[in-house]
Structure formats: C-alpha cells, structure tokens
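Structure record follows, encoded as structure tokens.
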Amino acid sequence: MELSEYPTFTVIMRGYTPDQADAIMQAMAGFEDQFGVEVTMNTPHALDVIENGNAQYGDKLKIGAGTVLTLDEAKDAIGKGAKFMLSPIEFTDDIFAYAKAHKVITVPAAMSPTEVHTMFDKGADIVKIFPATTVGSGFFKAIQAPLGKLPLMAVGGVSLKNVKDLLTHGTSYLGIGSNMFNQEDLINRDVAGLAASLQAFVDIKNTL
C-alpha cells in the first residue's frame, strides 16, 4: 500500500464483536476512499476480523491493525492481510523493517517533537500524535513550523466537535474511536445508521 492511498479518516475498532465489525465494513460502501478500518490487536478475535474482512471487502477497503506493540503482533497482523499498522507507542527498528519488506504503512505514536522526528527518521510513513486532545490542535501547526510539513495523525478524543479544528491546524489524518458511532447503531448493527455517522465526518471535511 502506498502512502498516497491512505485515507483521511481511520475507524478504530476496539472491542467490537465480529458482527459489529462486519456491519461497519458494510456501512463503508461508498466511503472507501475516505476511511480505513483499524482492528486493534487487543480486541477479541482481532486476527479473524482482519482476515475475514480482507476476504470479503479487501478489494475495496483498506483494513489494518492497531495497538501493535511487538514484532510478533506485526507479523501476525500482516499475515492476515493488514495493509497498515498503528500503535500507541513507538515502533522498533525490526517492526519498521518487516513492515517495509511487506509494503505495509507504519503509523507509530509520539508526542514530543523529538519523538516525532525520531519516528520519521526511522522510517515511519505517518506519525500518530496520541493522545491528541492532551496537546490540542495548535500543537500540529506549531510542531511543523520548525520541522516542516509532516504527515501527522490525531488520535485520542477526536470527534465531530473538533474535526474541523484539527484539520485546519495541520493535521493530515484523523483516527476516531468511541466517538465515531452511536452506541445504539453498533448494538443493533444498523448499517444505515453507521453510514450516516461516516457521512457526518465527510461532510465536515468537505466544508474545508
């Protein structure tokens, strides 16, 4: 997968059941260029969700793994077809090397300017600022003044309320977790309701 193909929004699926995950992937019909799907590795049956998702939707959807902490987890996720990998921490050199060999996008996390620079220097495609609400939207613009334009992703507390603010302050990508969908839509696996939530984020992006 090429970085140019990576979508603006990443749906973080943490703790969802396989049926809920499938409903979300169904809801993404028509939104494939706007959203990617991240299945966190600490979700029960995460590897099955990645594998089954790729079998059914992999020709259209970009499905990856999240909360990747070790090389073994990276290998397991890539083995099931993960096209990208996110983490709440830095990636090690061996994870970067393995991902690059398999053409998988790497999105490690950082917070300080030094950590951000180090991750890009080691080969990160995108660096995830986590938790983003801790540093605020101004951080994204401020850090790029001395370091130059960078592909940064905001994760942690992203919602409809701050999407516009983040995107207009130099954030290239957004990862949305629990604020992505209405809980009732998830519980009922309401594909139309889930799709409406996706549309709401796209609508805000389209106003910029």
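The values are calculated or read from the model by the stated rules, or taken from the named source; none is laboratory data. Computed from a predicted structure; not experimentally measured. When we count neighbours, we look across all protein chains shown, and the Cβ atoms used for this are built from the backbone with ideal geometry, even at glycine. Quick note on the areas: whole protein, heavy atoms, side chains included, nothing else; ligands and nucleic acids left out. Shrake-Rupley method; radii C 1.70, N 1.55, O 1.52, S 1.80 Å.
Here is the figure for the range 178-201: residues that are touching a helix residue (DSSP H, G or I) at 6+ places or on another chain (Cβ under 8 Å) and part of a loop (DSSP other than H, G, I, E, B) total 5. The set of residues in the range 131-177 that are part of a strand (DSSP E or B) and open to solvent by less than 20 Å² (accessible area, probe 1.4 Å) comprises 152, 153, 154, 155, 174, 175, 176. Of the residues screened, residue 64 is not one that is at positive phi and either part of a loop (DSSP other than H, G, I, E, B) or under 14 Å from the mean Cα position of the chain (by Cα) (or both).
Where residues in the range 162-186 are more than 18 Å from residue 206 (Cβ to Cβ) and hydrophobic (A, V, I, L, M, F, W, C), which of them is nearest to the chain's Cα centre (by Cα)? So, considering only residues that are more than 18 Å from residue 206 (Cβ to Cβ) and hydrophobic (A, V, I, L, M, F, W, C), the one nearest to the chain's Cα centre (by Cα) is 181.
Filtering the range 9-21 to residues that are open to solvent by 40 Å² or more (accessible area, probe 1.4 Å) and either outside any loop (DSSP other than H, G, I, E, B) or over 20 Å from residue 201 (Cα atoms) (or both) leaves 15, 17, 18, 19.
Considering the conditions (1) touching a strand residue (DSSP E or B) at 6+ places or on another chain (Cβ under 8 Å); (2) closer than 14 Å to residue 9 by Cα; (3) among the acidic types (Asp, Glu), residue 125 is excluded by exactly one of them, (2). Entry remark, the range 28-78: residues being open to solvent by less than 40 Å² (accessible area, probe 1.4 Å) and polar (S, T, N, Q) number 4 in total. Within the range 92-112, being within 15 Å of the chain's Cα centre (by Cα) and under 19 Å from residue 62 (Cβ atoms) holds for 104, 105, 106, 107, 108. Against the list (1) within 19 Å of residue 7 (Cα to Cα); (2) crowded, with 17+ Cβ neighbours inside 10 Å, the condition residue 116 fails is (1).
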